1. Select from the stretch 250-277 the residues that are closer than 23 Å to VAL209 by Cα and part of a loop (DSSP other than H, G, I, E, B) and list them in ascending order.
2. I'm told GLY273 meets every condition in (1) surrounded by 24 or more Cβ atoms within 10 Å (Cβ to Cβ); (2) under 14 Å from ALA63 (Cα atoms) except one. Can you identify the failing condition by its number?
3. Listed residues LEU177, LEU92, LEU118; which is without any contact (Cβ under 8 Å) to a residue 40 or more places away in the chain and buried (at least 16 other Cβ atoms within 10 Å of the Cβ)?
4. Can you name every residue in the stretch 181-196 that is part of a helix (DSSP H, G or I) and either free of Cβ contacts under 8 Å to residues at least 12 places away in the same chain or of a type outside the set (A, V, I, L, M, F, W, C) (or both)?
5. When you check GLU239 against the structure, is it within 21 Å of the chain's Cα centre (by Cα), more than 17 Å from THR186 (Cα to Cα) and not aliphatic (A, V, I, L, M), yes or no?
6. Within the stretch 136-160, track down each residue that is surrounded by fewer than 21 Cβ atoms within 10 Å (Cβ to Cβ), of a type in the set (A, V, I, L, M, F, W, C) and in contact with a Leu (Cβ under 8 Å, 6 or more places away or on another chain).
7. Name the residues in the stretch 247-269 that are within 15 Å of ILE121 (Cβ to Cβ) and touching a strand residue (DSSP E or B) at 6+ places or on another chain (Cβ under 8 Å), would you?
8. Filter the stretch 97-114 down to residues that are at pLDDT 95 or above and in contact with a Phe, Trp or Tyr (Cβ under 7 Å, 6 or more places away or on another chain) and give me whichever is surrounded by the most Cβ atoms within 10 Å (Cβ to Cβ).
Amino acid sequence: MPEPNLAPATPPQNQLGTMFAGPQGVRAGWRLLVFLVLVTMLSGAAFLLQKAIVHGASTDFSAKNVIIGETFTFGIVLIATAIMGRFERRSLADYGLPARKALGKQFWTGALWGFAMLSLIIAMMAATGAYSAGRLALSPIDVVKFGFLWAVGFLMVGLFEESAFRGYMQFTLTTGLGFWPAAAITCIVFAGLHLNNPGENWIGAVEIVLIALFLCLALRRTGNLWFAIGWHMAFDWGESFLYSTPNSGIHATGHMLNASLAGSKWLSGGSVGPEASVFDLLVTIAGILLLAKIYPEAKYPAAPVDVPSDGLQAISAETGAGG
């Protein structure tokens, strides 16, 4: 009796392998996890180094402390990003930081936007009695000195926060989810971490989500982070130094004016400052609409093609072979 003609059995798919690797290499979530582990390890080393270099440093919100602290944190993110880029065969430009555009036209355009948006918020606060500039709190020489130091400090803040949240993290999540779902995650994480600031509240955090969406749109439409870095620097510099208001609930040491906030918290932002004012909400929404109109073309890919490197291919091959 002839045996039945049976089709060859399909080998069972290695579930462990598909969990770690997809058609384009190691999945985005695992790469992001490796990045975060690198950042954690480097942070520990940087903490020990900073402690050895800086003895008995104060913890106030001063330009010196911000410059030192943000330089270390930016360096950590930059090194971790470069390491991941080495394995993924990508440059820093792929993650939004093209060196050739550093402090170039896009940076200064972003700075102009940041300063203009903040100034409009302050003007509306002043018109409703929520903000009063007061008198100079510094001598003319100190105005120049602290103005420069805070500009450097907030440049480092912009470099750190934009590269940390809208650099490697945004790029890698985009490869797995698409740009805007990834942006939603990075914006929420960005705002959530600001809740750790003294004086910050949920209203300010909600408005920070909107600001983060504005910065994500800037990345999407300009193709890199330099516009956002410039915006970040100018907005924070104007808020903390020039207009001398709380910045996410924190007063800067060495601000220019004896400014004061008064009246309804909805108008003044209360202890949080302008970022929790309804005027910030209105200006940020208007900024999003205007930015989308002026920059109509998307230059940052909606879902970057994920080409695995030799190192990632090796990992993928091992997991796919069942270990």
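The values are calculated or read from the model by the stated rules, or taken from the named source; none is laboratory data. In this text, all values refer to a predicted model and were calculated from it rather than measured experimentally. Ideal geometry is used to build each Cβ from the backbone, glycine not excepted, and the neighbour counts take in all protein chains shown.
1. HIS251, ALA252, SER264, GLY269, GLY270, SER271, VAL272, GLY273, SER277
2. It fails just one condition, (2).
3. Testing whether each residue is without any contact (Cβ under 8 Å) to a residue 40 or more places away in the chain and buried (at least 16 other Cβ atoms within 10 Å of the Cβ) leaves just LEU92.
4. We begin by selecting, within the stretch 181-196, every residue part of a helix (DSSP H, G or I); these are 181-194.
The answer is PRO181, ALA184, THR186, GLY192, LEU193, HIS194.
5. yes
6. LEU136, ALA137, VAL143
7. Correct list: ALA259, LEU261, SER268, GLY269.
8. My answer is GLY114.
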